[in-house]
Amino acid sequence: VNMWGETAAIFAGAPVPAYAAGITQARAHYLTPKAADKDIVIANAFAKASEAAVALDIAFPAVGNKGGDIVLICNAPEGQVTHYLLGSFGKTIGGKLRLQVGLPAYVNHLIVYTEYPDFAGRGYFEESDRVLFVNRWDDVLQALQQSHGDNAKVAVYPDADIQYCA
């Protein structure tokens, strides 16, 4: 898919060669230059907005060792997926492989932005004062301005959940 969620290419035919052709094109299509030493990383979960935590895989390494903030955009009206294996059901019960993203020490804040706050989606992230849930973009900007001022080094991943960094 492209950055608008439209089909970019279709591969058909015998499974092995069609798969190989798809992988070859996907490596080029989704390839994104790797960012490093950023003060702010904006990671938009577009293709998988209801599974936004996957977008953090390329966001975490882009933050500098001296510390920085990540903005995770997961603007899914339906909220985060109820995952019966990885999800949580309240604060103490979850699937057998319950996933709860912990922040690396060098990440000062994870700002989870969505216009559609969902209570269940909070269970995917560690409970911490470093994880902020925000539903107004102006509040995101205010928090970043307060932490970084005007001269921050910023990386933006438009579709961090499916981009491939190398």
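The values are calculated or read from the model by the stated rules, or taken from the named source; none is laboratory data. Note that this is a predicted model, so its numbers are computed, not measured. Neighbour counts run over all protein chains shown; Cβ positions are idealised from the backbone, glycine included. The area values use the complete protein model at the heavy-atom level, side chains included, leaving out ligands, DNA and RNA. Shrake-Rupley method; radii C 1.70, N 1.55, O 1.52, S 1.80 Å.
Couple of notes before you dig in:
- Taking the protein heavy atoms of the chain in the context of the full set of protein chains, the accessible area attributed to carbon and sulfur is 56 percent at 1.4 Å.
- Taking amide H as placed 1.01 Å from N in the peptide plane, the amide H of LYS38 sits under 5 Å from that of VAL63, GLY64, each at least 5 places away or on another chain.
- Distance (nanometres) between label positions extended 7 Å along Cα→Cβ at LYS66 and ALA18: 5.2 nm
- Among the listed values (1) 20, 19, 17; (2) 28, 22, 14; (3) 27, 17, 15, the one matching semi-axes √(5λ) of the Cα gyration tensor in Å as calculated from this structure is (2).
- What you get for the chain, charging only the Cβ of Lys and Arg (+1) and of Asp and Glu (-1), is a dipole of about 480 debye around the Cα centre.
- Charged-residue dipole, Cβ positions (Lys, Arg, Asp, Glu), the stretch 1-71 about Cα centre, Debye nearest 20: 160 debye
- Choice from ILE93, ILE73, ILE111 with maximal GNM fluctuation in the chain (Cα, 10 Å cutoff): ILE93
- Helix 15-29 axis, angle to the chain major axis (alpha carbon atoms, nearest 10°): 40 degrees
- Loop trypsin sites (Lys or Arg not before Pro), the stretch 22-129 (other Cβ atoms within 10 Å of the site Cβ: 16 or fewer; DSSP): LYS34, LYS66, LYS91, LYS96, ARG98
- Electrostatic bookkeeping for ALA47 treats Lys and Arg as +1 and Asp and Glu as -1; over the other residues with beta carbon under 14 Å from its beta carbon, the sum is -4.
- With R₀ set to 41 Å, the beta-carbon distance separating ARG122 from ASP37 gives a calculated FRET efficiency near 0.90.
- Restricting the stretch 88-166 to chymotrypsin sites (Phe, Trp or Tyr not before Pro) in coil, as DSSP defines it, with at most 11 other Cβ within 10 Å: PHE119
- Per residue, in Å², the accessible surface of the chain once ligands and nucleic acids are set aside, probe 1.4 Å: 59 Å²
- Gyration tensor verdict on the stretch 30-128 (Cα atoms; rounded if a/c is under 1.5, prolate if a/b is larger than b/c, oblate otherwise): prolate
- Overall form of the stretch 1-58 per C-alpha gyration tensor (a/c, 1.5; a/b vs b/c): prolate
- Under Karplus coefficients 6.51, -1.76 and 1.60, residue-wise ³J(HN,Hα) of the stretch 45-56 in Hz, glycine/proline x: 9, 9, 5, 10, 4, 8, 10, 5, 4, 5, 5, 6
- Selection from PRO17, ALA28, GLY149, by position along the positive dipole direction of the chain (Cβ): PRO17
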